[in-house]
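Here the structure comes first, spelled out in structure tokens, and everything after it is commentary.
What follows draws every value from the coordinates through simple rules; no lab data is involved. Note that this is a predicted model, so its numbers are computed, not measured. Please note: Cβ atoms are built from the backbone with ideal geometry, for glycine as well, and neighbour counts cover all protein chains shown.
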């Protein structure tokens, strides 16, 4: 991972704070601000710790940073931000952005985002990213001054290109399908997981009802009383254990969500390729038609039907001087066009090469991360089973003493 | 004098000695001495012009002398069980007659002849007859014997005998009359305690029954969602290469846990739910038994009160009073013994049922644990293989 920023600098998003302020329309609003702390790694030697530099940023500033990176590095699969609004919630989770659990998970997600960018071989060298981490005031102005918004492709243009491009690189077409499939399958999985979590919660919590009844029943029993009472206690423990279990699972869900959003980033790179390819095809087509026009004018033959051809038949030919002028203008345009086409071709090939290199890097990262996530899911299930075995072993002992 | 109960059964007109009671108790504890084996199976539906009903096959195997044969096979319908229960209640007003499954199911069932319903009913009827067979007194009841052995036409003709409707109504009227007066006034402390116990027990068992049903319902909903969860991972594995195996592994684990959940649910519905339901019915039965004891006491008390107001001629009625006093004493003793027996059985049933629930859950978690641990092992083996191959130049 060469000399990426993550190795030289410690980065954390350590706190979240509720703030009130005034928005663009001078209305009062509440938002959350996140504390970014950084410290150069070299400054730590033999136990002495340099103080951390810190500044506060809100979510919209993270969004601005990511937009800048996406536009400036269209060939890179840019790491995604954690979700803006709580999605895939099951009933116990809050869909409220101000909910402390949501804020906490978002804080972790934002830290993860910064670390991903900082460990990316290309992105970590970006100056705007560096100043995001270190420059407290005036950062927004600096970003806007880069004029990146002007470079952004319009959504409409991109959509148009998707439908009309004739020869996109086959690998990108496959990648596009893959990212669509990935998006669809992960969101389906997250939806069902949320429902499963909901039901699991129900099963555990209902067992909590045993505790009180057993206790009240034990009051009228002589021999059975103790067994009932202690069994009831274990049922309470069982019912309470689900809260921690499901909280851990939320982190697993967040890991999957990251790759759900990564699929969108992949899609963006494919879109950029389609756009460039379409642009190239249009330029080539334009050049071809100009060359044809030139040839027709020079030889006087009309190979294809054209309005010009018809009007000249109806209203008479143009003068030789007029024709000469036209040919000359066209020849100039053709030369320009050929140069442009050459550079567009070069651009396109460079794009494909560097994009594909990043995509390979991304694939490896994805396979590694998802495999680890699945393993951690198995570990969570194992822990849940072990807790269950312990509780029910205890309960069984109490019941057998009734 | 019909109020003394039938001569056929173990006659309550004789005071029951403690010694003989102990013998009966021991008899129960040694199942090898059991000499009456009953099974209820093979439900069959019958369609006539008027109605459709189900009959069950009742097979009895016995070595008892009172039975003419050692094996009987008869077919009985629910009505016949109802008849048997009411005859037993008549004969032994203060004994605890086991519960019968209900006539109708309230919610959820549209068809009376749904397979699940019939099976649940069959199991409950089987238990009903066996509980009677195990009961030290009821097992020798003559109507019980006829129920087990008589052919269909014999049974219906026997049913028509016995105290007519009018005299039965007379009994009820007298019982109601005496209950209005009490039987509570002179109630021995022991039975007041029993009443308090039953009030609380009733409440608690009803709540437990509801909780158990809730748990079953939640487990079913969980199972339904889990069924969908596993296959998504298989679907995902189709678009992946490197992680396809891991995804398929997770899918398989989830499917196995899903099956384990189904087993867990089955355990609940086969064991805990029926037992709790029976004890809900038992609590009604016991409240009824306590009431009937009060009524019998009430008869005695009200007679004494009436006679106290009629001066003289006390000797004339001392016989009657004596008989009533005996009746009360027998009823009390019968109830006391049966109560102790019932409590022992209840404790045993609860202990074994809840232990079974715990074992069920343990089995479930152990199965799931094994499945995930083997998946984890397979993943870490692969990781080591990958690491080794990376080390090589």
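Just checking the output field for A:367-374: average partner chain Cβ neighbours within 10 Å of each residue's Cβ? Please list the in-between numbers first.
Values: counts 5, 3, 1, 6, 9, 3, 2, 9.
Across the residues of A:367-374, the mean count of other-chain Cβ atoms within 10 Å is 5.
Tell me whether region B:120-161 comes out rounded, prolate or oblate; compute the Cα gyration tensor, take square roots of the eigenvalues as a ≥ b ≥ c, and use a/c under 1.5 as the rounded threshold.
Oblate is the answer for region B:120-161, as a/c is 1.5 or above yet b/c matches or exceeds a/b.
Set the Förster radius R0 to 51 Å, insert the Cβ-Cβ distance between residue B:69 and residue B:318 as r into 1/(1 + (r/R0)^6), and round the FRET efficiency to 0.05.
The calculated FRET efficiency here is 0.60.
Between the alpha-carbon centers of region B:347-370 and region B:255-310, tell me the distance in whole angstrom.
Comparing the Cα centres of region B:347-370 and region B:255-310, I get a distance of 25 Å.
Students often check this: by mean Cβ neighbours within 10 Å, which of B:323-335, A:167-179 ranks highest, and how do the rest follow?
Details: B:323-335: 19.1, A:167-179: 15.8.
Per-residue Cβ counts within 10 Å, averaged per peptide and sorted highest first, yield B:323-335, A:167-179.
At 222 nm, what helix-only mean residue ellipticity would chain A give, in deg cm²/dmol to the nearest 500, using -39500 (n - 2.57) for each DSSP H run of four or more?
-24500 deg cm²/dmol
Let me confirm one metric for peptide B:241-250, namely the mean number of other chain beta-carbon atoms within 10 Å of its residues' beta-carbons.
What the average comes to for B:241-250 is 4.
Roughly how tilted is helix A:225-299, in degrees to the nearest 10 and between 0 and 90, from the longest Cα axis of chain A?
Rounded to the nearest ten degrees, it is 0.
Take peptide A:196-206, look around each residue's Cβ out to 10 angstrom, count Cβ atoms belonging to other protein chains, and average those counts.
Neighbouring Cβ atoms belonging to other protein chains average 6 per residue here.
Round to a whole angstrom and tell me the spacing of the C-alpha centers of region A:242-305 and region B:67-98.
The distance from the Cα centre of region A:242-305 to that of region B:67-98 comes to 83 Å.
What is the distance in Å between the Cα centroid of region B:319-340 and that of region A:120-149?
Cα centroid of region B:319-340 versus Cα centroid of region A:120-149: 97 Å apart.
Assuming R0 = 45 Å, what is the FRET efficiency of residue A:26 and residue A:264, from their Cβ-Cβ distance, to the nearest 0.05?
Efficiency, from the Cβ-Cβ distance: 0.85.
Name the residues of region A:358-382 whose amide N is less than 15 Å from a point 7 angstrom out from the Cα of residue A:125 along the C-beta direction?
A:358
Starting from the Cα gyration tensor of the protein assembly as shown, take the square roots of the eigenvalues, sort them a ≥ b ≥ c, and report rounded, prolate or oblate (rounded when a/c is under 1.5, otherwise prolate if a/b is larger than b/c, else oblate).
prolate
Suppose each label sits 7 Å from its Cα in the direction of the beta carbon; what would the residue B:344-residue A:141 distance come out to in nanometres?
Going from the residue B:344 label point to the residue A:141 one covers 9.4 nm.
May I ask you to derive the relative contact order of region B:33-150, considering only C-alpha pairs under 8 Å and at least 6 residues apart, and to give it as an integer percent?
27
With each label point set 7 Å from Cα along the Cα-Cβ vector, what nm distance links residue A:328 and residue B:151?
Simple spin-label model gives 12.9 nm for this pair.
Once the Cβ-Cβ distance between residue B:241 and residue B:206 is put in as r, and R0 is 51 Å, what FRET efficiency do you end up with, to the nearest 0.05?
Computed FRET efficiency for residue B:241 and residue B:206 comes out at 0.30.
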